[in-house]
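No lab work stands behind these numbers, since they all come straight from the coordinates. For clarity, every value in this text was computed on a predicted model and none was experimentally measured. Virtual Cβ from ideal backbone geometry, glycine too; neighbours counted across all protein chains shown.
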Amino acid sequence: MVKGKEIKPKQEAKILGVVMDAKLRFKKHMAEAATKGLSVAMCLRRLKMLSPRTARQLFITAVAPAMDYASVVWSHARGEKELTWLNRAQKMGAQAITGAFRTVSRAVAEAEAGIQTVDGRHAQAGMKLYINVRTLPKTHPLATLKVSVSRRYLSPLKRLALAFEKSRIERMETIQAYAVPPWHNRVSLVCEADREAAMAAANNAKDIVIATSASDREGLVAMGGFVTQESTGQVGRMVARYSVTLGSRDNQNPYTAELEAIAMALRCMPDGLQCRELTVISSCQSSLKAIAQPRQQSGQTTIRQIYEHIERLARGNNRAKMIWAPSRNDGFAMGREAKRQAKKATKAGCTPESPPYQARSTRTRLATSQLRRQRALPDKVGGYSKRIDRALPGEHTKALYDGLKRREADVLSQLRTGMARINSYLCKIGTAESDMCECGRAPETMEHFLFRCTRWET
């Protein structure tokens, strides 16, 4: 009772945008998600003369999020019936991108449009959530999630754990709630938009200058660095150089290697350093920007170490700043030497000194790539398209359509799907009396229309 009124239990409630029913079947939420997605897809289809690239971007940013909101919560309860609801928006969105006929199967239309399937997007979202859970600190309640012996009722999180328990996710990096406290001073970053200005800033660095680089070759990721002491009017004196093999591409990437190279250089600076200016120069913008604006990103452990060493050096009135230099900078000798050191550690026979942690970004990229390789057209669907293009589905379809205008994309999709305004197809759907070509020599098939019809001879 609340203020004399009896409050009766309801069968459903909306929590953070998700309609939760008493039995956690999520039927109503999936129906609403499919309706929203179909409504947005219909609006997309009404936009005439959009290029395939623009239409695909609108699908990714407007249609897919309307259907997939909080999919990791309810996708485990999705059945064939609910999947059919969601696929209506998928097919309409694919038609809006390529201009394919309505009679083209949904799987072929999705492959031609270069968009992910509903299953693919939901699997990718679940995979990302599982990887993020594995990066949580041990004090977090979800970090202790394990697959229990009893499987009478499986929660969504346990279903995720079962789906990905055999994946090679081990030694995952730990990502805290924040890298540095909000009140902590950030590292100064000089990132000039103009390449000439960036090269000038790198060459004008004085005092202690640290150039870092990363190398990704032969399946290995390594880092290298070159440290000099610069003085006004004098040639820089080399202080140190280093190269370290970090690990395989399955664990590390050039972004994390650049972070490790910067951390190692700062780690080796002595405590007795007084009143000096340290300048770190790198060609990796993503690493420098991650240090300047630390968040819950991959490589956070290394970023925390960088700030710890900068704070240690600041006790001796030392200042640290970072400068971005273009990677193809022939006028910056230190950058070339740092790159040479990094490549030295990726030669055949090089092995990491200790097993590195797995970077979240690398693990996510590999898992996403694996999901894409598993995608295939159904056995009894798209026989004509499979003969035309054995690589379907693949990323190459984006390159085929992205350079075309709307009408050109319409023609290409008709040619690639075999469903076009020619008599062989029109006769099948009952809109033409005969499949014969107007030249009278043979049925008007796609091959005859393109290569044999005498009407197009000059």
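Let me know the shape class of the range 67-193, please: from the alpha-carbon gyration tensor, a ≥ b ≥ c as square roots of the eigenvalues, rounded when a/c is under 1.5, otherwise prolate if a/b is greater than b/c, or oblate.
Oblate, since a/c reaches 1.5 and b/c is not below a/b.
Assign unit charges at the C-beta atoms only (+1 for Lys and Arg, -1 for Asp and Glu), then state the dipole size of the range 188-357 relative to its Cα centre in Debye, rounded to the nearest 20.
Values: 22 positive and 17 negative charges, 32 e Å.
It comes to approximately 160 debye.
Using +1 on the beta carbon of Lys and Arg, -1 on that of Asp and Glu, and nothing else charged, what's the dipole of the range 1-115 about the Cα centre, debye to 20?
Using Cβ point charges on Lys, Arg, Asp and Glu, the range 1-115 gives about 360 debye.
Under 14 Å from the Cβ of Gly299, count the other residues' Cβ atoms, weight Lys and Arg +1, Asp and Glu -1, and hand me the total.
With Lys, Arg at +1 and Asp, Glu at -1, the neighbours total +3.
Expected output is a single nm value to one decimal: the length gained when fully extending between Ile388 and Gln370, i.e. 0.36 nm times separation in residues minus the C-alpha distance. What is it? Intermediate values should be presented prior to the final figure.
Values: separation 18, 0.36 × 18 = 6.48 nm, distance 2.47 nm.
Using 0.36 nm per residue and subtracting the Cα-Cα distance, I get 4.0 nm.
Can you list the lysines whose alpha carbon sits under 21 Å from that of Lys206, skipping same-chain ones fewer than 8 residues off?
The reachable lysines, counting only those whose Cα sits under 21 Å from Lys206, are Lys321, Lys339.
With a cap of 11 neighbouring Cβ atoms within 10 Å, and only residues DSSP puts in a loop, list the chymotrypsin sites (Phe, Trp or Tyr not before Pro) found in the range 162-263.
Trp183
Would you mind classifying the range 157-261 by shape? Square roots of the alpha carbon gyration tensor eigenvalues, ordered a ≥ b ≥ c; an a/c under 1.5 is rounded, otherwise it is prolate if a/b is larger than b/c and oblate if not.
prolate
Of Lys27/Lys128; Lys8/Lys28; Lys28/Lys81; Lys380/Lys405; Lys3/Lys23; Lys81/Lys428, which sit over 22 Å apart, Cα to Cα? List each step's numbers first, then the result.
Details: Lys27/Lys128 24 Å; Lys8/Lys28 20 Å; Lys28/Lys81 13 Å; Lys380/Lys405 31 Å; Lys3/Lys23 30 Å; Lys81/Lys428 29 Å.
Violating the 22 Å limit, Cα to Cα: Lys27/Lys128; Lys380/Lys405; Lys3/Lys23; Lys81/Lys428.
Relative to the present Cα-Cα distance, how much length would full extension add between Ala193 and Cys439 at 0.36 nm per residue of separation?
Working it through step by step, the gained length comes to 82.5 nm.
Sketch the reach of a paramagnetic label on Lys8 as a point 7 Å from Cα along Cα-to-Cβ, and name the residues of the range 22-37 whose backbone nitrogen lies under 20 Å away.
Under cut-off, by backbone N: 22-23.
Among Leu273, Gly4, Ala70, pick out the residue whose Cα is farthest towards the positive end of the charge dipole of the chain, where Lys and Arg carry +1 and Asp and Glu carry -1 on C-beta, about the Cα centre.
Gly4
Suppose every K and R has +1 on its Cβ and every D and E has -1 on its Cβ; what is the size of the dipole of the chain about the Cα centre, in Debye to the nearest 20?
That gives a dipole near 1480 debye.
Looking at the square roots a ≥ b ≥ c of the eigenvalues of the Cα gyration tensor of the chain, which shape do they give, rounded for a/c under 1.5, prolate if a/b is larger than b/c, or oblate?
It is oblate, given that a/c is not under 1.5 and a/b is not larger than b/c.
Got the relative contact order for the range 168-298 handy, in percent, Cα pairs under 8 Å and 6 or more residues apart?
31 percent.
With the crude spin-label approximation of a point 7 Å out along Cα→Cβ, what separation in nm comes out for Ala314 versus Met42?
A separation of 5.7 nm, rounded to one decimal place.
If I take R0 = 51 Å and measure r between the Cβ atoms of Cys350 and Tyr153 in this structure, what FRET efficiency does the formula 1/(1 + (r/R0)^6) give, to the nearest 0.05? Write down the numbers at each step before the final one.
Working: r = 50 Å, r/R0 = 0.97.
Plugging the Cβ-Cβ distance into 1/(1 + (r/R0)^6) gives 0.55.
List the trypsin sites (Lys or Arg not before Pro) within the range 185-259 that fall in a DSSP loop (any state other than H, G, I, E or B) and whose Cβ has at most 16 other Cβ atoms within 10 Å.
Arg186, Lys206, Arg249
Taking loop as defined by DSSP and a crowding limit of 14 other beta carbons within 10 Å, which trypsin sites (Lys or Arg not before Pro) in the range 47-130 fit?
Working: sites: Lys48, Arg53, Arg56, Arg78, Lys81, Arg88, Lys91, Arg102, Arg106, Arg121, Lys128; in loops: Lys48, Arg78, Arg102.
Counting only loop positions with at most 14 other Cβ atoms within 10 Å, the trypsin sites (Lys or Arg not before Pro) in the range 47-130 are Lys48, Arg102.
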